[in-house]
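Here the structure comes first, spelled out in structure tokens, and everything after it is commentary.
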Amino acid sequence: MDEFKEFTEVPTPVLTFGTPVEEEKAVPEVVEAETAGKQAPVDPQLTEESLTPEERKMVDEFSKQINLHDSNGILQYGAGTQKKMADFSETALKNVRTKDLGEVGDMISNLVTELKSFDTEDEKGFLGFFKKNGNKVASMKAKYDKAEVNVEKICTVLEDHQVQMMKDVAVLDKMYGLNLSYFKELSMYILAGKKRLEEVRATELADAYAKAQRSNLPEDAQAAKDLQELCDRFEKKIHDLELTRMIAIQTGPQIRLVQSSDTVMIEKIQSTVVNTIPLWKSQMVIALGVEHANQAAKAQKEVSDMTNALLKKNADQLKMATVESAKASERGIVDLETLKNTNATLISTLDEVIKIQEDGRQKRRAAEDELNRMEQELKNKLLEVSR
């Protein structure tokens, strides 16, 4: 709000015929911001009833000093206040246009996103007590630590914005008081000008027209016409001041609008820092505690399930070993079936040996007969040859 440093002092209304430059050099009287902020809303209906007795006296005395024949004085009439009002309005409206509370809103939205990013649910589930029993809590703590760091950063920036907006609200209170002062000053210029214009038209202008009618001289008619034009010009000048006064009327609500926006954001930041963040932290601590309890219950269940499975497995193995041992103890050295099979095989072997031996004897007899025959044939052949 550096652009409002020049408006930190609120002047009381001062009526003068000085130029704008001279009026800007005047040292304004300081009015406290609290008093300025508590003044009643301005009334667009301009009457002397809205003025204090001191201000009415100032208007009466100033209206008597107005000289419609002083062209330069009429040209500069109220111009100083108009310029101050124009500069002030430009600054105030610029503040209304450029006041961007979206950044604070974005930060609060980012804060909500950070809080939502902490998820106490593990999508992969509990993968094994003896292997990953600490993974979920470690993951939750890591998420919590990361979210807490980001939350603290955002909160620090939000608190800085809160302090700045509180300063802005105080400055805007002074601006509101300054606007009321300009408004009152313009109103006094307008009332004094109208009062003087009414007096001139009722006296000087009426006398000038009456003189022109009596004398029937062109110079008197021109003088009356010139005075009428002066009155018309001054009336237009007063109308310009009334337009500037309307700007002051509109500026007041605009200042309050900016203050209201700042106040809403200040309250929202306060609620976020004081209520939301501590509540989030306590809920995260509770969530971690609940997860510890859940893991203890899951661990107990895993131990019970594994104990039962081990007992069942050992019972099955014991049964199998006992049955096999009993079978082995009741079994002889050689099974009867084995003896039967061995005996049958031995008998079969002897039968085959006997058959083989018989066949051998028969073959030897046949061979002996064949050898005898062959020998006889050979002898017979030899006898034949010797003859």
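A few remarks follow.
- Rounded, prolate or oblate (a/c below 1.5 giving rounded, otherwise prolate when a/b exceeds b/c) for region 262-387 by Cα gyration tensor: oblate
- Using a simple spin-label model with pseudo-atoms 7 Å out from Cα toward Cβ, Leu383 and Glu352 lie 4.9 nm apart.
- Whole-Hz ³J(HN,Hα) from phi, Karplus 6.51 cos²θ - 1.76 cosθ + 1.60, for region 280-291, glycine and proline x: 4, 4, 5, 5, 5, 4, 5, 4, 5, x, 4, 5
- Region 162-231, dipole about Cα centre (Lys/Arg Cβ +1, Asp/Glu Cβ -1), debye to the nearest 20: 240 debye
- Region 185-313, accessible surface, carbon-and-sulfur percent (1.4 angstrom probe): 59 percent
- Prolate/oblate/rounded call for region 273-320, Cα gyration tensor, a/c under 1.5 rounded: prolate
- When each of the peptides 242-248, 268-274 is scored by the mean number of other C-beta atoms lying within 10 Å of its residues, the order from highest to lowest reads 242-248, 268-274.
- Per residue, region 131-265 exposes 50 Å² of accessible surface when a 1.4 Å probe is rolled over the protein heavy atoms with every protein chain present.
- Using θ = phi - 60° and Karplus 6.51 cos²θ - 1.76 cosθ + 1.60, couplings along region 170-175 (whole Hz; Gly, Pro as x): 5, 5, 5, 4, 5, 4
- Cα→Cβ-extended label distance, 7 Å offset, between Val290 and Val274, nm: 2.8 nm
- For region 249-259, putting each phi into the Karplus relation 6.51 cos²θ - 1.76 cosθ + 1.60 with θ = phi - 60° gives couplings of 4, 6, 5, x, x, 5, 5, 5, 5, 5, 4 Hz, in residue order, rounded to whole numbers and with x for Gly and Pro.
- For the pair Lys167 and Thr52, the difference between a 0.36 nm per residue extended length and the Cα-Cα distance amounts to 38.2 nm.
- Cα gyration tensor category, rounded, prolate or oblate, for region 157-250 with a/c compared to 1.5: prolate
The values are calculated or read from the model by the stated rules, or taken from the named source; none is laboratory data. The shown structure was predicted, so the numbers you read here are calculated from the model rather than taken from an experiment. Ideal geometry is used to build each Cβ from the backbone, glycine not excepted, and the neighbour counts take in all protein chains shown. Keep in mind that these areas ignore ligands, DNA and RNA; they rest on the heavy atoms of the full protein, side chains included. Shrake-Rupley method; radii C 1.70, N 1.55, O 1.52, S 1.80 Å.
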